[in-house]
Amino acid sequence: MDRAGVIRSVTLLVPVCAALVGIVIQALPGTRVKGAACLSTLWCFCTLLPLNVIAQNQHWWQFKAEGATLVGVPVDMLLGWSVMWGVLPALFGRSKAWLWVVMFLWLDVLTMNRLSPVVLMGDGWLMGELLAIAVALVPSLVLTRLTVTERMLHVRVALQVVLFALLTMYVVPEIVFSQTNSS
């Protein structure tokens, strides 16, 4: 397997394996935690996809991947980041949200430049990273915490409405367009 294949596999398998370990440690988490994990992972997927398109247009980073891409974004890497930012905080969510933000920012700063040749970093990549944290990670953490604790129904509903709109008006059409070679 070439370096690009290894990178793509690792960025999916490491978060999925960490999530499986979390599920085992939790001894099958409760309904609220499962729901929070699903919602926050879907939030990350639906926000990181357009954000990666914006990042490529702004030359913050570029993807050089063949196969299994959606609007130029490797689906395996997108799923890996979504699981990492969505499932792990739900399963191990006893920490403060700001600790997750600091930890994931630190992890991305350490690893993003090592993802070459799949991800090629541009000059302003840290701006894109901060935008990803603000648009994907922070709302995901809020949605997770509020879902698990059953608080602030109006905020949860608002986030779920935005999530549904992103899913039905952007993600699903992009998947259809990519499969039918149309626009």
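The values are calculated or read from the model by the stated rules, or taken from the named source; none is laboratory data. Model, not experiment: these values are computed from the prediction. Glycine gets a Cβ as well: all are built from the backbone with ideal geometry, and neighbour counts include every protein chain shown. Please note that ligands, DNA and RNA were not included when accessible areas were found on the heavy atoms of the full protein model with its side chains. Shrake-Rupley method; radii C 1.70, N 1.55, O 1.52, S 1.80 Å.
Quick notes on this structure:
- Probe 1.4 Å, all protein chains present, accessible-area order of Met169, Met77, largest first: Met169, Met77
- Relative contact order (percent, whole number), the chain, Cα cutoff 8 Å, 6+ residue spacing: 33 percent
- Taking the accessible area of the chain, probe 1.4 Å, and keeping the other protein chains in place, the carbon and sulfur fraction comes to 71%.
- Accessible surface ranking for Asp76, Asp2, Asp108, Asp123, 1.4 angstrom probe, highest first: Asp123, Asp2, Asp76, Asp108.
- Per-residue SASA remark: Trp60, around 40 Å² accessible (1.4 Å probe; ligands, DNA and RNA not included).
- Efficiency of FRET between Val24 and Thr168 - r from beta-carbon atoms, R0 25 angstrom, step 0.05: 0.15
- Each Lys and Arg adds +1 at its Cβ and each Asp and Glu adds -1 at its Cβ; summed about the Cα centre, the chain shows a dipole of about 580 debye.
- In the stretch 45-141, the trypsin sites (Lys or Arg not before Pro) that fall in loop regions by DSSP, at most 11 other Cβ within 10 Å: Arg94, Lys96
- Working from the Cα coordinates of the stretch 11-89, the gyration tensor eigenvalues give, after taking √(5λ), semi-axes of 27, 13, 8 Å in decreasing order.
- Principal-axis analysis of the Cα atoms of the chain puts helix 3-26 at an angle of about 10° to the longest axis.
- Rounded to the nearest 20, the Cβ-based charge dipole of the stretch 85-183 about its Cα centre (Lys and Arg +1, Asp and Glu -1) stands at 420 debye.
- Ligands, DNA and RNA are left out, and with a 1.4 angstrom probe the accessible area of the chain is 53 Å² per residue.
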